Structures are given as C-alpha cells and as structure tokens.
1. Given only helices, namely DSSP H runs of n ≥ 4 each adding -39500 (n - 2.57), what is the per-residue ellipticity at 222 nm of the chain, to the nearest 500 deg cm²/dmol?
2. Which ordering of Tyr379, Tyr209, Tyr299 is given by a fewest-first count of other beta-carbon atoms within 10 Å?
3. Round to a whole angstrom and tell me the spacing of the C-alpha centers of region 78-115 and region 149-196.
4. So how do Ile343, Ile260 line up by other beta-carbon neighbours within 10 Å, fewest first?
5. Can you work out the Karplus-derived ³J(HN,Hα) for every residue in region 89-96? Use 6.51 cos²θ - 1.76 cosθ + 1.60 with θ = phi - 60°, whole Hz, and x for glycine or proline.
6. For region 204-219, what does the Karplus curve 6.51 cos²θ - 1.76 cosθ + 1.60, with θ = phi - 60°, yield as ³J(HN,Hα) per residue in whole Hz, taken in order and with x for Gly and Pro?
7. Taking the chain as the reference, fit the longest principal axis to its C-alpha atoms, fit the long axis of helix 366-380 to the helix C-alpha atoms, and give the angle between the two in degrees, 0 to 90, nearest 10.
8. In Å, what Rg and Dmax follow from the Cα atoms of region 227-386?
Amino acid sequence: MRKTPLVLLALCAAVATACSGGDTPTSATTSQAESPGTTLAASPTSPPKRDCNAEYLARFTPRQKLAQLLTVGVTGGGDAANVVRNEQVGGIFLGGWTDRSLISGQALDEVKALATTPLMVTIDEEGGRVSRVRDIIGAVPSARVTAQTMTPEQFFDATVTRGRDLKELGITVDFAPDVDVSSQPDDSVIGDRSFSDDPEVVTRYADAYIRAMREAGVGTVMKHFPGHGSGSGDSHTGAVRTPPLDQLQTVDLVPYRNLIGSGAAVMVGHLDVPGLTEPNVPASISPQAMSLLREGTGYGAAPFDGPIFTDDLGGMAAITSRMTIEEAVEAALVAGADNALWITTDAVPTVLDRLEDAMGSGRLPAAQVDRSVLRMGAYKGTLPSC
C-alpha cells in the first residue's frame with residue numbers, strides 16, 4: 001500500500017518521540033516497569049548479626065562443655081595442672097589442705113595458662129573460723145562479730161581491701177557471704193558464720209559484702225539456699241532437716257528474696273526441706289529446690305538466671321551416705337544446678353564419662369547443658385562481646 005507524505009510524516013514524528021532522550025516527562029515507576037533491561041539500584045545490606053552464644057559454645061567439645069560445669073578441690077600445683085590440662089574443668093577449689101605454694105609465685109598463673117577458656121579459682125573465705133588464707137592475708141572477725149561491731153559501710157570498706165588481697169592471689173570467686181539466718185551457738189555448724197538472726201540485718205551486711213567484692217573484681221556466692229540457719233544438724237556428718245518451707249518464707253528466704261538481683265551466684269545446701277524436697281532428696285539434687293530458686297515465684301522473689309552451685313558433693317555425709325560422687329553430680333546437674341562442686345580430682349574422668357552418657361541418652365538434655373555453660377561463661381566474664 002502506498003503511503004502518502006502526510007502519513008510518513010506522522011510516523012516519523014511518533015518514532016522520534018519514542019526514541020527521544022526525555023522531552024516528554026514520565027514517572028520513574030512507569031519507566032522501570034516498561035524497560036525490562038533496567039537494573040534497580042541495590043539496597044544497602046547489613047552484615048549478619050553475630051551469635052555470641054553460639055560462638056562461645058563452639059569452643060568446646062561436648063565433654064568440655066560438661067567439664068565447664070565442674071569445680072574440684074586440688075591439693076597443689078601438680079594436681080591442678082593435671083585436671084585442667086587433661087579435662088579442662090571450669091574451676092578449681094582451694095581448701096585448707098591445698099599446698100600454699102600454688103598461690104605464691106607463678107604456679108597458679110601456669111595452671112591458668114593450661115585452660116582453653118579462663119579458669120575459675122574458688123575459695124571459702126568468709127572470715128572468722130572459715131578462712132582458708134588467713135595465714136597469708138590476715139584474720140578477720142566472724143560474720144556475727146562483724147555485725148555487732150561494724151556498720152555496713154565500715155564492713156564494705158574492709159571487704160574491698162580483703163577482696164583486692166584475694167584478687168592479688170589469683171582467686172576469682174569467693175564462696176561467701178553466708179546469708180543463713182541463725183541464732184544458734186557460735187560454734188554450731190552455722191552459728192557465728194551468720195550475721196544475725198534478723199534477716200534484714202543479714203541482708204544489709206551481705207549486700208555490703210557482695211558490692212565490695214564486685215568492686216575488687218571477685219565473684220560472690222550466697223549460701224546455703226534455701227536456709228541452713230535453723231537446720232537440725234551438720235550436713236558434713238549426716239542428713240539435715242530444716243523447718244517446713246512455709247516457715248522459711250519469713251526468715252531464711254528473706255535475704256535471697258532481697259538480694260537475688262545483686263549479681264551474686266547461689267549455692268544450694270544438702271538440706272531436706274519439708275514442703276519442698278522429696279523424701280531422701282536434699283535440695284542440692286532436688287528439681288523442686290532448683291525451680292524455687294530459678295523461678296522465684298514460690299517465695300516472692302524475682303526469677304534468678306545466675307549460676308547455681310551445689311555445696312560439696314564429695315565430702316559431706318548428707319550426700320555421700322546416699323550416693324556415689326558420679327551419681328551425685330549427675331543428679332545435681334539434671335535437677336538444674338549449673339556447677340557441681342567437690343573437693344578432690346580423682347573422680348573427674350569417671351564423672352565426665354557418666355555425664356557424657358547422661359547427655360547422650362537424654363537424661364541430661366544438651367540444651368540444658370548449653371544454658372549452664374553460658375551462665376557460667378557470663379559469670380566468669382568470658383562470653384564474647386558482640
């Protein structure tokens with residue numbers, strides 16, 4: 001068909017308009033939608049957020065995770081070096097029997113250097129008759145005498161000095177203060193280790209102690225949950241029964257209720273508690289006792305997400321008359337403790353063998369182990385910062 005000049009002119013005009021550089025304005029949306037070859041500008045992206053907890057847990061084999069939940073007493077430098085090098089335990093405990101050369105010179109630094117993650121070095125240093133290094137840093141009065149002769153502010157100042165002395169020795173955690181509420185004679189199992197038979201007085205002095213040790217850079221552990229102050233005897237020599245749980249609410253549990261957010265860890269005692277623990281199952285291996293502490297609602301406290309330690313599982317008849325150390329450590333961790341304490345290293349390999357079996361079979365859930373490892377890491381200040 002023959003095109004007329006007018007038609008050709010119109011066609012050329014249309015083509016020119018379509019191919020022009022933009023004499024006719026169009027929206028960006030229309031232009032992009034009608035231009036399949038157009039590449040949209042890439043939006044800025046953020047790097048993936050680091051999972052600090054996963055990074056920390058990845059440092060350990062399953063056996064090493066379990067070892068992080070153990071604190072064991074050592075006789076001296078060789079014993080400590082052996083258990084840290086071979087099993088990578090999370091902590092060592094310095095008792096009255098420990099060779100003093102471990103905390104003089106470079107011996108303790110050499111042991112710490114064997115740990116793949118910072119080692120916790122623990123001690124019982126309450127003052128009074130429970131003082132493991134009085135021969136090195138000097139003696140101080142018992143808790144009861146302290147509360148009778150010093151203000152909480154004076155006690156704070158004195159404790160900062162003592163905490164710095166402990167830190168200088170290489171100690172990182174002190175199993176104190178004793179927050180038991182007791183009116184028992186001075187020489188009874190708790191006795192003068194208690195600040196007072198008034199739970200508010202106990203709270204004030206324990207608070208001063210915890211704050212002072214924190215300023216000195218030493219961790220603290222309140223004990224003996226849920227309250228040993230009115231117990232029927234000495235858990236070193238046999239089973240101990242406390243008053244019923246409802247009676248503990250207004251006395252023994254008050255300092256924990258007041259101080260649960262203080263940053264201190266908590267040690268659970270080998271205590272049979274009517275209304276809380278099952279028969280023949282002391283608090284240190286009782287799921288009910290661990291839940292009371294962890295949840296807080298059963299005694300009017302805030303939930304507790306810090307570390308839960310057991311009292312000594314290997315040298316106290318309240319436990320040893322009932323089970324082996326391997327059984328006791330498994331029972332404590334399954335119940336909800338984060339750290340099992342005992343006073344020798346001999347059984348560490350067999351304990352870990354049993355714990356590996358417990359985790360493999362599901363008796364001790366792997367997720368629960370991970371939570372405990374993270375709690376201990378946070379308490380020791382070893383979690384990576386993101």
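Laboratory data are not the source of any read-out in this text; all were calculated from the coordinates shown. A quick note: this is a predicted structure, and the numbers were derived from the prediction, not measured. Note: ideal-geometry Cβ built from the backbone for every residue, glycine included; neighbour counts use all protein chains shown.
1. Details: 17 runs with 160 residues, N = 386.
Calculated at 222 nm, the ellipticity per residue is -12000 deg cm²/dmol.
2. On the way: Tyr379 23, Tyr209 31, Tyr299 19.
Listing Tyr379, Tyr209, Tyr299 from fewest to most nearby Cβ atoms yields Tyr299, Tyr379, Tyr209.
3. Each part's Cα centre sits 24 Å from the other's.
4. Numbers: Ile343 18, Ile260 21.
The order, fewest Cβ neighbours first, is Ile343, Ile260.
5. Taking θ as phi minus 60°, the curve returns 4, x, x, 10, 10, 9, x, x Hz for region 89-96.
6. 5, 6, 5, 4, 4, 5, 5, 5, 5, 5, 4, 4, 7, x, 10, x
7. The two axes meet at around 80 degrees.
8. Calculated on Cα positions, Rg and Dmax stand at 15.6, 49 Å.
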